[in-house]
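This report refers to the structure that appears directly beneath it.
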Amino acid sequence: MGPIGVFDSGYGGLTILKEIRKALPEYDYIYLGDNARAPYGTRSFDVVYEFTLQAVRNLFERGCELVILACNTASAKALRSIQQKDLPKIDPDKRVLGVIIPTVEALAKVSKNGNIGVLGTPGTISSGTYDIEIAKFCPAFRTVSVACPMWVPLVENKEYDSPGADYFVRKYVEELFAEEPEIDTIVLGCTHYPLLLDKIEKQVAGRARVITQGALVAASLADYMERHPDMDARCSKGGSVTYLTTEHPDKFTDMAGIFMEEPVHASRIELI
């Protein structure tokens with residue numbers, strides 16, 4: 001038995017972990033943030049895959065039977081390759097899941113007119129993963145995607161509540177509506193973006209519903225555990241959380257406490 005691993009390139013995956021812990025507080029978790037090499041959003045497919053695989057292997061070595069890629073860029077650029085190419089060689093009984101499919105599956109229940117907007121990092125948007133998966137689950141839907149390269153730096157530099165954040169939120173939201181004024185549902189395709197939610201919803205001004213991923217991923221994981229009792233039995237249940245980072249632990253602890261809204265203590269590791 002081992003903990004559930006939750007991986008992100010930086011801090012954003014903490015918004016996923018927070019909701020997972022609300023829904024499934026009984027499990028043990030290890031959160032790993034590759035903060036020293038963040039952000040992943042502007043990196044190539046090959047580099048994101050390499051870094052993500054290093055993190056997944058590290059979490060497996062720490063006893064995790066199941067790893068959640070709580071990062072849209074990693075889910076878009078690395079998940080499928082890891083599932084199809086690496087897991088059969090590493091351990092075919094272990095599992096790696098992402099955050100994009102649970103998000104897309106919810107859209108059919110939410111959107112009324114099938115016009116979907118996606119706001120994400122350059123890496124997630126350029127991958128086309130949301131467009132592909134939405135077309136697969138909801139073939140009649142139309143998807144418009146806009147990259148928001150300034151949003152993650154704003155969050156990670158604690159500028160998410162600044163006047164500068166207002167400017168960049170307005171810029172990307174209006175770019176989205178300029179391309180398709182009839183959008184009725186907007187997906188925040190990056191786990192950092194919930195810290196900008198108030199500003200985003202203010203700018204959207206009721207024109208569309210804004211979807212964040214945490215609760216959707218948590219509900220999907222709960223369903224997964226119910227459908228896979230063998231995996232559930234292999235995940236330890238002590239209610240603990242261990243935080244790991246590739247950055248200085250003091251820097252991680254300070255920022256992670258803002259995301260989790262509770263004291264956080266982290267240890268530094270290296271990924272190779």
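The values are calculated or read from the model by the stated rules, or taken from the named source; none is laboratory data. None of the values given here were measured: they were computed from a predicted structure. Cβ: placed from backbone, ideal geometry, glycine included. Neighbour counts: every protein chain shown. The area values use the complete protein model at the heavy-atom level, side chains included, leaving out ligands, DNA and RNA. Shrake-Rupley method; radii C 1.70, N 1.55, O 1.52, S 1.80 Å.
Take the Cβ atoms of D184 and D161, set R0 to 35 Å, and the FRET efficiency comes out at 0.80.
Counting only heavy atoms of the protein chains, get the accessible area per residue of segment 139-265 (1.4 Å probe) and round it to a whole Å² value. Working shown, then result.
Details: 6100 Å² over 127 residues.
About 48 Å² of surface per residue is accessible.
Per-residue ellipticity at 222 nm for the chain, helices alone: DSSP H runs ≥ 4 residues times -39500 (n - 2.57), over residue total, nearest 500 deg cm²/dmol? Write out the running numbers ahead of the final one.
Values: 13 runs with 127 residues, N = 272.
After summing the helix terms and dividing by residue count, I get -13500 deg cm²/dmol.
Please say if the chain is rounded, prolate or oblate, where rounded means a/c under 1.5 for a ≥ b ≥ c the square roots of the C-alpha gyration tensor eigenvalues, and otherwise the choice is prolate for a/b larger than b/c and oblate otherwise?
Numbers: a/c = 1.67, a/b = 1.34, b/c = 1.24.
It comes out prolate by the Cα gyration axes.
Here the simple spin-label model places points 7 Å from the Cα toward Cβ, and for A233 and F45 these points are separated by 3.9 nm.
At 0.36 nm per residue, minus the direct Cα-Cα distance, what do D223 and D254 gain on full extension? Give it in nm, one decimal, please.
Details: separation 31, 0.36 × 31 = 11.16 nm, distance 3.28 nm.
Additional length available on full extension: 7.9 nm.
Need one word for segment 179-272: rounded, prolate or oblate. Basis is the Cα gyration tensor (sqrt eigenvalues a ≥ b ≥ c); a/c below 1.5 gives rounded, then a/b vs b/c decides. Oblate. Using a Gaussian network model of the chain in which every pair of alpha carbons under 10 angstrom is joined by a spring, one finds that among I125, I90, I101 the greatest mean-square fluctuation is at I90. L97 contributes an accessible area of around 40 Å² to the protein surface, as traced by a 1.4 Å probe with all chains present. The portion of the accessible surface of the chain made up by carbon and sulfur, rounded to a whole percent, is 50 (1.4 Å probe; DNA, RNA and ligands excluded).
Holding the Cα-Cα limit at 21 Å, pick out from K94/K251; K158/K202; K109/K136; K85/K109; K22/K109 the pairs that are longer than that. Going by Cα-Cα distance, K94/K251; K85/K109; K22/K109 fall outside the 21 Å limit. In terms of its alpha-carbon gyration tensor, segment 1-90 comes out oblate; a/c meets the 1.5 threshold, while b/c is at least as large as a/b.
Between R62 and A108, what length in nm is gained on full extension when 0.36 nm per residue of separation is reduced by their alpha carbon distance? If you can, show how the numbers build up before the last one.
On the way: separation 46, 0.36 × 46 = 16.56 nm, distance 3.73 nm.
Result for the pair: 12.8 nm of gain on full extension.
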